[in-house]
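Peer 1: Next up is a structure, given as structure tokens.
The values are calculated or read from the model by the stated rules, or taken from the named source; none is laboratory data. Only a predicted model underlies this, so the values are computations on that prediction, with no experimental measurement involved. Positions of Cβ are generated from backbone atoms using ideal geometry, with glycine treated the same way; all protein chains shown enter the neighbour counts. For the accessible areas, the whole protein counts, side chains as well, though only heavy atoms, and no ligand, DNA or RNA atoms are used. Shrake-Rupley method; radii C 1.70, N 1.55, O 1.52, S 1.80 Å.
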Amino acid sequence: MSKKSKFSLNLGMLFKIFSVGILLILPLRVYQFMKIIEGSTGFYAIKDASIPLMYCLLAVFCLTPVVLSFLMRKELDIVSSKQVRLGEGIAALLVAVTLIINAVQMFAYFSEIYYSFEITQYTPTLSKYLAKSGGIAVLLESIFSVISMIFFIILGTANIRGRSVSEYKFLAIAPLGWCICRIIHRFMRPVSYLKVSDLFFEMLMLVFLMMFFLAFAQRLSGINSQGKGWKIFGYGIPAAMLCLLCFVPRLIVAAIGRSDLLNEKSPIEYCDMAVAAFIISYCIGRMQDARRSHRA
């Protein structure tokens, strides 16, 4: 087998891993919602074989893309040319729409925390109360949602028109800041993320999203970007899979009229779906660039 065909095979394997992972994990998660998860709290109500199975599947389908991408790090270290990328542009604009929804929701949640200070007797000052309750992280998440929304509008428009966004590269760090605020917000919850499956999956998702958006910002800005191309695939594919894991089963459960099974602190977040769509479209674009560069 030639080096070109072997490279294409390995690159295609990344997306096959993603597809197989989605087909196995999403139905299993719906089963868990319907059978073994305690409604409204998110705790496992009973012991079930699907719990260790889920963790094993996640370990395989999250780590395999990292290893495979790292093995192809030299081939994936390419510079993308300016061209019309309609799919990426539409996906970026979709992210922008869902981010403004997220910003409104988080600001409303911050307002609830803020006004609840008046009836709280355990914290002496507002600043300490906001820090302890996670209100500051929620407010910052709302702010970074707006900044990230602006960035994705610029990025989406540039991709549709085939233009560069190098002059706005300082905004590329905003999605990373948004993810950091989201994970801090979840760290502030007074429950164990090891015992509440929704929270654990969200934390895992955000870890991979942070690593992806860091690599994404480096590639877009050209700052310390050499040798980082493999991270787009290695971290992006698991991040997209985990985004769908946190979104699709909840949507299915709600669609069949069983919203009572959902954790009240882990609602359906459309930004997860949109970010997954953007990551996959971005990875496909980089895959096409890599194949063209390898053929040349």
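Peer 1: Looking only at the stretch 177-187, decide whether some residue is open to solvent by 10 Å² or more (accessible area, probe 1.4 Å), more than 18 Å from the chain's Cα centre (by Cα) and farther than 26 Å from Lys82 by Cβ.
Peer 2: no
Peer 1: Hey, can you tell me all the residues within the stretch 153-176 that are surrounded by fewer than 18 Cβ atoms within 10 Å (Cβ to Cβ) and part of a loop (DSSP other than H, G, I, E, B)?
Peer 2: Within the stretch 153-176, Gly162, Arg163, Ser164 meet the criteria.
Peer 1: Next question. Tally the residues that are assigned to a helix (DSSP H, G or I) and open to solvent by 10 Å² or more (accessible area, probe 1.4 Å), restricting the search to the stretch 248-271.
Peer 2: 9
Peer 1: Within the stretch 126-150, can you find the residues that are farther than 30 Å from Phe170 by Cα and modelled with pLDDT under 75?
Peer 2: Leu126, Tyr129, Lys132, Ser133
Peer 1: Working only within the stretch 31-46, note down all residues that are open to solvent by less than 20 Å² (accessible area, probe 1.4 Å) and either in contact (Cβ under 8 Å) with a residue 60 or more places away in the chain or under 16 Å from Phe247 (Cβ atoms) (or both).
Peer 2: Answer for the stretch 31-46, where residues must be open to solvent by less than 20 Å² (accessible area, probe 1.4 Å) and either in contact (Cβ under 8 Å) with a residue 60 or more places away in the chain or under 16 Å from Phe247 (Cβ atoms) (or both): Gln32, Phe33, Ile37, Gly42.
Peer 1: Could I ask something else about it? Which is aromatic (Phe, Trp, Tyr), at pLDDT below 85, more than 23 Å from the chain's Cα centre (by Cα) and closer than 30 Å to Gly162 by Cα, of Phe117, Phe7?
Peer 2: Checking each option against the conditions leaves just Phe7.
Conditions tested, residue by residue: (1) in a helix (DSSP H, G or I); (2) open to solvent by 30 Å² or more (accessible area, probe 1.4 Å).
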residue	(1), (2)
Arg29	yes, no
Asp48	no, yes
Phe61	yes, no
Thr64	yes, yes
